[in-house]
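Structure record follows, encoded as structure tokens.
The values are calculated or read from the model by the stated rules, or taken from the named source; none is laboratory data. Given the structure is predicted, the values throughout are model-derived calculations rather than measurements. Cβ placement follows ideal geometry from the backbone for every residue including glycine, while neighbour counts extend to all protein chains displayed. Side chains are part of the model used for accessible areas, which takes the heavy atoms of the whole protein and leaves out ligands, DNA and RNA. Shrake-Rupley method; radii C 1.70, N 1.55, O 1.52, S 1.80 Å.
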Amino acid sequence: MPDSQNQGNVRLAIVGLGSIGTDVANAVRSGHVTGIDLVAAAEPTACHTRDELLAANIPVYEHVQDFPWSQLDVVLEATSQSVLRKIAPQVVREGVDLVILSAGATLDIEFLPPLLELADQTGSKIWFPSGALGALDAVRAASVGDIEAITLTTTKHPSALASAPHIKNSNIDLDSISSRQEVFAGGPAAAVRGFPQNVNVAALLSLAAGNPDQVHVRVIADPNAPGNVHEVEVRGSFGNMAIRLENEPSPTNPKTSALAAQSVIALLRQLGSAQRFG
């Protein structure tokens, strides 16, 4: 275990050392997340961050099942929907809290309800960072009353959508798009299937609202987009809400926003502190 580990701190393991996992690991190790100790990671692929952690005496495992579970309080999943489906039951079964980034998987009724039932039995908590989206607290508050409709419009540069299954399956030629063009319109489940690396925010909105059927998603390809743009409109008994976020893409992964990693860091700061925000 790393020499800098402090008794009483929340003990964190990270699954996946891609752009977000690396940003979070660096923030914790540099002291920007007080109350949290990084004690392990899981990453089967050779990478610079893996080497750095090993050099700092932080063990990096190939498989989550090899984690020292008795030495962990929380696991951050920073991988993909498919990996999340594999690791989530084991993390929760061990009574360890789980921070989920690949929220798109939660729209599968065969995944989330059994996981929550298991968490009730073991005492684990499942956390969802706000990712590249804002106002989820307001959406949760609105759901206490009646929500009439929620619309999410996500606009990105065509290059950020290049590997999306919906783009490939629909034979959309992104190179030919010279102005703002809608490339998808539908429900959140279809959105996260079609754009698993782009619109996890649709699943977060559905979770916050408590009803995926209330959420309508539009995906726009725009070569002139000012970053990764998410616009949320909500109508309900509380009134009306509209929010627009122009997010800068992550320097290491243009398919996600820099704010996504920052939202994880903000959540971890809460977990390591006595201060909470609803």
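Along the Cα-to-Cβ line of Ser170, 7 Å from the Cα, sits a label point; which residues in region 220-250 have backbone N less than 15 Å from it?
Answer for this model: 220-223.
Calculate for the chain the 222 nm mean residue ellipticity that helices alone would give, adding -39,500 (n - 2.57) per DSSP H run of length 4 or more and normalising by residue count, nearest 500 deg cm²/dmol.
Per the formula, -9000 deg cm²/dmol.
About its Cα centre, how strong a charge dipole does the chain have in debye, to the nearest 20, once Lys and Arg get +1 and Asp and Glu get -1 at the Cβ?
200 debye
FRET efficiency for Ile109 and Thr45, Cβ-Cβ distance as r, R0 = 30 Å, nearest 0.05?
0.45
Quote the FRET efficiency, to the nearest 0.05, computed for Gln90 versus Thr252 with a Förster distance R0 of 30 Å and r equal to the Cβ-Cβ distance.
0.60
Rank Ala138, Ala209, Gln181 by how far each Cα sits towards the positive end of the charge dipole of region 135-210 (+1 on Lys, Arg Cβ; -1 on Asp, Glu Cβ) and give me just the farthest.
Gln181
Could you calculate the contour length gain from Leu54 to Asn224, that is, 0.36 nm times the residue separation minus the distance between their Cα atoms, to one decimal place in nm?
Separation in residues times 0.36 nm, less the Cα-Cα distance, equals 57.0 nm.
May I ask you to give the percent of accessible area on region 50-169 that is carbon plus sulfur, with a probe radius of 1.4 Å?
48 percent
Express in nm, to one decimal, how much length is gained between Gln275 and Asp137 on full extension, taking 0.36 nm for each residue of separation and deducting their alpha carbon distance.
Contour length minus Cα-Cα distance gives 48.1 nm.
What's the local net charge at Phe238, with K and R +1, D and E -1, over the other residues with C-beta under 14 Å away?
-2
With θ taken as phi - 60° and the coefficients 6.51, -1.76 and 1.60, list the Karplus ³J(HN,Hα) couplings across region 97-105 in order, rounded to whole Hz; mark glycine and proline as x.
Calculated HN-Hα couplings, in order: 5, 10, 9, 9, 9, 7, 5, x, 5 Hz.
Is the shape of region 61-214 rounded, prolate or oblate, going by the alpha carbon gyration tensor and its root eigenvalues a ≥ b ≥ c, with a/c under 1.5 for rounded and a/b larger than b/c for prolate?
Here region 61-214 falls in the oblate category.
Residue-wise, which Karplus ³J(HN,Hα) couplings in Hz belong to region 55-71, taking 6.51 cos²θ - 1.76 cosθ + 1.60, θ = phi - 60°, and x for glycine or proline?
Whole-Hz 3J(HN,Hα) from phi for region 55-71: 5, 8, 6, 9, x, 10, 9, 7, 10, 4, 4, 8, 4, x, 4, 5, 9.
Ignoring ligands, DNA and RNA, what accessible area per residue does the chain give at 1.4 Å, in Å²?
Heavy-atom SASA per residue in the chain reads 46 Å².
Just reorder Leu54, Leu118 by solvent-accessible area, largest first, 1.4 Å probe, all chains present.
From most accessible down to least: Leu54, Leu118.
How about region 117-225: which GluC sites (Glu not before Pro) there lie in a loop by DSSP and see at most 10 other Cβ atoms within 10 Å?
none
Could you check which residue among Ser70, Ser124, Ser250 shows the biggest mean-square fluctuation in a GNM of the chain with a 10 Å Cα cutoff?
Ranking Ser70, Ser124, Ser250 by mean-square fluctuation puts Ser70 first.
Hey, any idea what % of region 178-278's accessible area is carbon plus sulfur with a 1.4 Å probe?
That share works out to 48 percent.
Connecting C-alpha atoms closer than 10 Å in a GNM of the chain, tell me which of Leu174, Leu76, Leu84 has the biggest fluctuation.
The residue with the greatest mean-square fluctuation here is Leu174.
If amide hydrogens are placed 1.01 Å from N in the peptide plane, which non-local residues have theirs closer than 5 Å to the one on Tyr61?
Under 5 Å from the amide H of Tyr61: Ala41, Ala42, Glu43.
By how many degrees, 0 to 90 and rounded to 10, does the Cα axis of helix 112-122 deviate from the longest principal axis of the chain?
Computed tilt is about 30 degrees.
Looking at this model, which pairs from Lys125/Lys255; Lys86/Lys125; Lys86/Lys255 are more than 26 angstrom apart at the alpha-carbon?
Lys125/Lys255
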